[in-house]
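Undergrad: Here it is: the structure, laid out below.
The values are calculated or read from the model by the stated rules, or taken from the named source; none is laboratory data. None of these values were measured; they are calculated from a predicted model. Don't worry about glycine lacking a Cβ; one is built from the backbone with ideal geometry, like all the others, and counts go over all protein chains shown. With ligands, DNA and RNA removed, areas are computed over all heavy atoms of the protein, side chains included. Shrake-Rupley method; radii C 1.70, N 1.55, O 1.52, S 1.80 Å.
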Amino acid sequence: MPTIEPTAHPLEIEECSSNQDQDDIVAILRRYNTQQAGLANYKRLDLMIRDADGKIIAGLCGETRWGWLSIETLAVEEGYRHQQIGSRLLDAAEAEARRRNCHGVFLDTYTFQAREFYERKGYTVYGKLEDFPKGYTKFYLWKEILPQ
């Protein structure tokens with residue numbers, strides 16, 4: 001591997017200008033992670049529900065790796081909440097994670113979002129970050145999922 005002299009190549013910090021730039025940065029970390037912890041088997045898990053007009057009204061975005069499902073986003077349009085749509089998405093994601101041989105799920109939520117919903121679904125808080133945003137708390141939750 002070549003050694004880069006700091007004075008030979010001045011470093012310029014710039015904002016990423018494309019999704020490809022972001023993907024390239026993530027690839028650097030994933031190569032390192034694979035060297036350290038083995039093949040992660042990264043695979044996206046993105047689900048959505050549309051209304052009769054084809055508009056997306058709810059969805060779940062995440063990724064499986066190292067036997068875990070990481071849920072990045074679970075969102076339901078306000079007019080469709082409290083109709084079991086979030087539960088259906090979460091159940092479907094957990095079922096797919098099981099098919100992928102995952103043994104756990106983790107996610108985060110805020111005071112003003114859905115902590116109680118996740119706890120009713122069997123998730124446990126394992127950490128929190130106070131004042132993020134100011135006056136609120138961000139909670140980190142996880143759940144073990146058993147094989148089918």
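Undergrad: Taking a probe of 1.4 angstrom, what is the accessible area of Arg115 in Å², to the nearest 10?
TA: Solvent-accessible area, nearest 10 Å²: 70 Å².
Undergrad: Please work out whether region 61-101 counts as rounded, prolate or oblate from its C-alpha gyration tensor, where a ≥ b ≥ c are the square roots of the eigenvalues and a/c under 1.5 means rounded, while otherwise a/b larger than b/c means prolate and anything else oblate? Don't skip to the answer; put the middle values down first.
TA: Numbers: a/c = 5.02, a/b = 2.09, b/c = 2.40.
Note, shape of region 61-101 comes out oblate.
Undergrad: Which ³J(HN,Hα) values in Hz, rounded to whole numbers, follow from the phi angles of region 65-78 under the Karplus curve 6.51 cos²θ - 1.76 cosθ + 1.60, where θ = phi - 60° and Gly and Pro get x?
TA: Karplus values, whole Hz, x for Gly and Pro: 6, 6, x, 10, 9, 9, 8, 8, 8, 9, 9, 10, 3, 3.
Undergrad: Then there is this: For region 45-116, just say rounded, prolate or oblate: build the C-alpha gyration tensor, square-root its eigenvalues into a ≥ b ≥ c, call rounded for a/c under 1.5, and beyond that prolate if a/b exceeds b/c, oblate if not. Walk me through the numbers before you get to the answer.
TA: Details: a/c = 2.32, a/b = 1.47, b/c = 1.58.
Since a/c reaches 1.5 but b/c is at least a/b, the shape of region 45-116 is classed as oblate.
Undergrad: Please check the chain for the longest run free of chymotrypsin sites (Phe, Trp or Tyr not before Pro) that are loop-located per DSSP (anything but H, G, I, E, B) and have at most 16 other Cβ atoms within 10 Å. The partial results should precede the final answer.
TA: Working: sites that count: Tyr42, Trp66, Phe112, Tyr136.
It runs 67-111.
Undergrad: Out of (i) 114, 28, 21; (ii) 53, 36, 25; (iii) 60, 38, 37, which label holds the value of Cα extents along the principal axes in Å that was computed here?
TA: So the calculated entry is the one marked (iii).
Undergrad: Taking the solvent-accessible surface of protein heavy atoms with a 1.4 Å probe, what is the per residue accessible area of region 1-86 in Å²?
TA: Values: 6930 Å² over 86 residues.
Result: 81 Å² per residue.
Undergrad: In whole Å, what is the distance between the alpha-carbon centres of region 93-148 and region 15-37?
TA: Comparing the Cα centres of region 93-148 and region 15-37, I get a distance of 25 Å.
Undergrad: Can you compute the helix-only [θ] at 222 nm over the chain? Use -39500 (n - 2.57) per DSSP H run of at least 4 residues, normalise by all residues, nearest 500 deg cm²/dmol.
TA: -8500 deg cm²/dmol
Undergrad: Test of understanding: in a Gaussian network model of the chain with alpha carbons linked when under 10 Å, which of Glu96, Glu119, Glu77 would top the mean-square fluctuation ranking?
TA: Glu77
Undergrad: Okay, moving on. Looking at region 6-148, how many pairs of lysines come closer than 26 Å at the Cα, when each pair is eight or more places apart or spans two chains? Could the numbers behind the result be given before it?
TA: Numbers: Lys43/Lys55; Lys43/Lys121; Lys43/Lys138; Lys43/Lys143; Lys121/Lys138; Lys121/Lys143; Lys128/Lys138; Lys128/Lys143.
Lysine pairs, 8 or more places apart or on different chains, close enough: 8.
Undergrad: As I understand it, the value is the acute angle between the Cα axis of helix 19-37 and the longest principal axis of the Cα atoms of the chain; what does it come to in degrees, rounded to 10?
TA: So the inclination is approximately 90 degrees.
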